[in-house]
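Values quoted throughout were computed directly from the atomic coordinates according to the rules given, and no laboratory measurement underlies them. Just so you know, these numbers come straight off a predicted model, no measurement behind them. Positions of Cβ are backbone-derived with ideal geometry, glycine not excepted, and every protein chain shown enters the neighbour counts.
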Amino acid sequence: MGVLADLFLTFARIGLFTFGGGYAMIALIEDACVEKKKWIDHDDMMNITVIAESTPGPIAINCATFVGYRQKGMAGAVAATVGMILPSFCIIYLISMYLDGFLEITWFAHAFRGIKIAVGILVFDAALKLLRKMQNKPLPKAFMLCSFASMLLIDIFSVRISSIVLMLAAGAVSLIIFLAKRPAGKGGEGR
């Protein structure tokens, strides 16, 4: 099978069989792209997740686009992205045609309650995998703990802070730390 078809089918399977959005898909993307296909390594997956989370668009689609681009350039990016989007689009389109009657069916309502639990487990599993693979250095762990504590406190006290403000603040802190750790004499001289 050609690489483009493989990219399309791999991401179409992930898009078809995963509920709950991008965070629920991260574990499946990692399993398919890192463990089975070996298209990227664990460090790439960590970097993709961070970049995809901080760029516009759904995280799973951004991940698919990156992996596709890494494998086959622009054609690979398109194949992987369309593969990720197409199943969800078709399912949502069909559901929207019959939405009123769809939610009144008792077993569908119960199924969606069960799916909510499964989505939570998938997101938790993805977070644990990323946490285990995090560099064993104090700075990344401190960032993770501070971010977790901040988000927990914001949620507990119902503080309204834009996620954009939080991302900009995290970026500013990272830049300050990077500049502080940079050895003297390195940087923009001579450019």
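Across the range 57-70, rounded Karplus estimates of 3J(HN,Hα) from the backbone phi angles (6.51 cos²θ - 1.76 cosθ + 1.60, θ = phi - 60°) give x, x, 4, 5, 5, 4, 5, 4, 4, 5, 4, x, 5, 5 Hz, Gly and Pro being marked x.
Under 14 Å from a label point 7 Å along Cα→Cβ of residue 94: give me every residue in the range 1-35 with its amide N that close. Flagged as within label range: 16-18.
The alpha carbon gyration tensor of the range 135-185 gives principal lengths a ≥ b ≥ c with a/c of 1.5 or higher and a/b no greater than b/c, which makes the shape oblate. Sorting 46-54, 112-120 by average packing, meaning the other beta carbons within 10 Å per residue, from highest down gives 46-54, 112-120.
According to the square roots a ≥ b ≥ c of the eigenvalues of the Cα gyration tensor, what is the shape class of the range 1-75, taking rounded for a/c under 1.5, prolate for a/b larger than b/c otherwise, and oblate for the remainder?
The shape class here is rounded.
Would you please classify the overall shape of the range 110-170 from the alpha carbon gyration tensor, given that a ≥ b ≥ c denote the square roots of the eigenvalues, rounded means a/c under 1.5, and beyond that prolate means a/b larger than b/c while oblate covers the rest? Oblate shape, in that a/c is at least 1.5 and b/c is the bigger or equal ratio.
You can think of it this way: the chain between residue 155 and residue 104 has 15.1 nm of extra reach, that is 0.36 nm per residue less the Cα-Cα gap. Treating r as the C-beta distance of residue 168 and residue 38 and R0 as 30 Å, the FRET efficiency rounds to 0.25. Counting neighbouring Cβ atoms within 10 Å and putting the fewest first, the residues 141, 129 line up as 141, 129. In loop segments of the range 1-106 as defined by DSSP, the trypsin sites (Lys or Arg not before Pro) with at most 15 further C-beta atoms inside 10 Å of their C-beta are 37, 38. Both radii are taken from the alpha-carbon atoms of the range 3-134; with Rh as the Kirkwood radius, Rg/Rh is 1.01.
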